[in-house]
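Please read the structure below before turning to the comments.
The values are calculated or read from the model by the stated rules, or taken from the named source; none is laboratory data. Quick caveat: nothing in here was measured; it's all calculated off a predicted structure. Virtual Cβ from ideal backbone geometry, glycine too; neighbours counted across all protein chains shown. The accessibility values were calculated without ligands, DNA or RNA, using every heavy atom of the protein model including side chains. Shrake-Rupley method; radii C 1.70, N 1.55, O 1.52, S 1.80 Å.
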Amino acid sequence: MARIFTDKDADLDILKDKVIGVIGYGNQGRSQALNLRDNGMNVIIGNIKDSAWDLAVSDGFTVKGIGETAKESDVILLLIPDEVAPKVMEDEILPYLSSGKVLDFASGYNITYGFIKPPEGVDVVLVAPRMIGKGVRDLFLQNRGFPVLVGVEQDASGKAWDYALAISKGIGAFLPGGCAVESSFYEETLVDLFSEHSWAGAMLYLLQACYEVLVEEGVSPEVAILELYASGELGEIGHAIAQFGLWDQLRLHSHTSQYGHMTWGKRYITEETKNLMREAIEEIKDGRFAREWGLEQLMGLPSFHRLWKMRLSHPICREEDKLYKILGRR
Ligand code: NDP
């Protein structure tokens, strides 16, 4: 069983005299930086000169270039998009990554696939929130925590776990309702990509297929879209699953609905579906997905843009646009 860490397992003292450099003031960077500062930490921001830089200044932070921030920081939180991190790391951070520093990631991707290779002598830790950046800040302001996956790839100082847990505490994970679960860079990458490649991606295609079949049957696009997702019921069910459990949330539905879910719903999940999931795992483990995505980026994202164009040309988007305008969402 994985170890679960809570507030009593972490001590912020280890970060007290350190300069914490948050590289990237975006979704995660802004929230983590604000929470760390509110917890009394000495935080500086490293960013490219853009609107995020201006936002960090208006939030009252000292903001510098990425290289300068890496040079001045003892603990570096690398919170820029995974696609750009290897180059930024190589060009601007590695020259200043001297022994004794701590390098923290919010995603296992670049370490797992060897796209970033930190030098020996540096602690390499993972604090990966299971929460969008906005949630990290909003929950903190409500005195509520959130789950993070923590791991250690390199423990040069012998204190890497203490650093990982202190960062978790500093960003607010251990407030009531939150915790840190022992994991690793590899495991975080596996579960993160697997979710995207299995249920999360499949759900979007499934809802679109349901729309096609309902409209084929003569149901109006408006009724189909509202029924399938626009009403917000889907979000409520997701919330109830997190709150009460995968099956226990069904008790909130009518008996007819409960029976329908448990019987007719099951037929879509066959051994073939599970074999597709196993295949997705293999593609993640042997690096096939990472290689394909890396190549796509090198070529200037041709498939990525083509896929977006194809998805947005589906009639569901046109109908959704009309409906959302009436509902005041556009
Ligand atoms: P963002 O997309 O919000 O980007 C963060 C910052 O990086 C922005 O300030 C952005 O500037 C800057 N940036 C973009 N391109 C470059 C570049 N070429 N060089 C330097 N800086 C650049 O990142 P996220 O916060 O979404 O992700 C950060 C990390 O957190 C990733 O490892 C991600 O996997 C992880 N993570 C993200 C979650 C989320 O909720 N988004 C959830 C859990 C983990 P600009 O605004 O100008 O683009």
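Return an integer: the convex hull volume of the alpha-carbon atoms of the range 4-183, in Å³ per residue.
Looking at the range 4-183, the number lands at 100 Å³ per residue.
Sum up the charges of everything whose Cβ sits under 12 Å from the Cβ of Ala106, counting Lys and Arg as +1 and Asp and Glu as -1, but leave Ala106 out.
-3
Return the carbon/sulfur percentage of the accessible area of the chain, one whole number, probe 1.4 Å, all protein chains in place. Please list the in-between numbers first.
On the way: 10710 of 18640 Å².
Here it works out to 57 percent.
Residue farthest toward the positive end of the dipole of the range 89-165, with Cβ of Lys/Arg at +1 and Asp/Glu at -1: which of Gln142, Ile116, Phe105?
Gln142
Can you sort Thr112, Thr62 by 1.4 Å-probe accessible area, starting with the largest?
Largest to smallest exposure gives the sequence Thr62, Thr112.
If contacts are Cα pairs under 8 angstrom and at least 6 residues apart, what is the relative contact order of the chain in percent? Mind dumping the intermediate values first?
Details: 480 pairs, mean separation 48.7, N = 330.
Answer for the chain is 15 percent.
How big is the range 202-330 along each principal axis, measuring the range of its Cα positions in Å and listing the largest first?
The Cα atoms of the range 202-330 stretch 50, 37, 30 Å along the principal axes, largest first.
Under 15 Å from the Cβ of Gly201, count the other residues' Cβ atoms, weight Lys and Arg +1, Asp and Glu -1, and hand me the total.
Values: positive: Arg311; negative: Asp192, Glu196, Glu279, Glu283, Glu292.
Its environment carries a net charge of -4.
For the chain, what is the charge dipole size about the Cα centre, in debye to the nearest 20, if Lys and Arg each add +1 at the Cβ and Asp and Glu each add -1 at the Cβ?
560
Highest mean first, what order results for 304-312, 136-144 on Cβ atoms within 10 Å? Could you put the intermediate results ahead of the total?
Details: 304-312: 10.8, 136-144: 16.7.
Descending packing order for the listed peptides: 136-144, 304-312.
Could you point to the residue in Gln32, Gly177, Ala160 farthest towards the positive end of the range 4-183's charge dipole, with +1 and -1 charges on the Cβ of Lys/Arg and Asp/Glu respectively?
Gly177
Is the C-alpha gyration tensor of the range 90-223 telling us rounded, prolate or oblate? Criteria: a/c under 1.5 is rounded; beyond that, a/b larger than b/c is prolate, otherwise oblate.
In terms of gyration-tensor shape, prolate.
Compute the accessible area per residue over the range 178-257, keeping the other protein chains in place, probe 1.4 Å, unit Å².
62
Can you give the charge dipole size of the range 4-183 about its Cα centre, rounded to the nearest 20 debye, using +1 on the beta carbon of Lys and Arg and -1 on the beta carbon of Asp and Glu?
400
Kindly report the accessible area of the range 1-55 per residue (heavy atoms of protein chains, probe 1.4 Å, no ligands, DNA or RNA), in Å².
So the range 1-55 comes to 51 Å² accessible per residue, rounded to a whole number.
How big is D for the range 151-247, in µm² s⁻¹ as a whole number, if Stokes-Einstein is applied with the Kirkwood radius of its Cα pairs at 25 °C and 0.890 mPa s?
142
Could you please state, rounded to a whole Å, how far the C-alpha centre of the range 91-145 is from the C-alpha centre of the range 226-244?
Result: 32 Å between the Cα centres.
For the chain, evaluate the Debye formula with one uniform point scatterer on each Cα (no solvent term) and list log10 I(q)/I(0) at q = 0.06, 0.08, 0.15 Å⁻¹, rounded to two decimals.
Evaluating at q = 0.06, 0.08, 0.15 Å⁻¹ gives log10 I(q)/I(0) of -0.26, -0.47, -1.35.
What are the lysines whose alpha-carbon lies under 17 Å from the alpha-carbon of Lys285, with same-chain residues fewer than 8 places away excluded?
Counting by Cα, and skipping residues close in sequence, Lys285 has these lysines nearby: Lys274.
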